[in-house]
Structures are given as C-alpha cells and as structure tokens.
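First comes the structure, then the notes that go with it.
The values are calculated or read from the model by the stated rules, or taken from the named source; none is laboratory data. Keep in mind the model is a prediction, meaning the values are calculated, not measured. Every residue, glycine among them, receives a Cβ derived from its backbone with ideal geometry; neighbour counts consider all protein chains shown.
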C-alpha cells in the first residue's frame, strides 16, 4: 500500500511520485481527475512495473484546510467500485465503431 503524498506543483501536474511503506518511490501519470460528491479522485497510471497496463484510483484528502492536501488510497471497496465505474464510463469507455457507423 502506498503512503499518502502531497499533490504536485502545477508545473509537474502530469506526474506524481508516491512512496510505499519501505520508502520506495513510484511515479504515476495522472490520467483523469473527477469530483464526486465533493471528493476529488485521480485515475493514475503507474510508469514502472505495469505490464498489464492497469491504472489506480486515489482520492484527495485535506489535512488542515484547503492548502494541505494529500493523495490517499481508497480503503472502502464499495466507494472504490462506485468511483471506478464513474471514471470508466466518463474517461475510458470505448466507442463501438460498428454501431456508430450503422446509425448513419
């Protein structure tokens, strides 16, 4: 499991570095950002050790007001599934080419 990490500065907003419990750093590319029920979530693609091409979803938590925010894992399975479904539908759904050409 990855530790929480501060969000990147604007100039580095495409890639974040997270640190695991052993101190190993991992880089992630931010694929999408979505606010759901007042909580901001990020879909992120691991830049290393990701042969399957999978992405992860983390949420933003505010520690001490708006200025101090962190990325954290989603521990609740129901929350994760709900957010993953919304992100999949909005950002990663495939267009059925055959169906769209049949409509014309």
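Residues of the range 64-96 that are more than 25 Å from residue 21 (Cα to Cα), over 15 Å from the mean Cα position of the chain (by Cα) and at pLDDT 95 or above: none at all.
How many of the residues in the range 1-43 are surrounded by 14 or more Cβ atoms within 10 Å (Cβ to Cβ), more than 25 Å from residue 82 (Cα to Cα) and modelled with pLDDT of 60 or more? Within the range 1-43, residues that are surrounded by 14 or more Cβ atoms within 10 Å (Cβ to Cβ), more than 25 Å from residue 82 (Cα to Cα) and modelled with pLDDT of 60 or more number 1.
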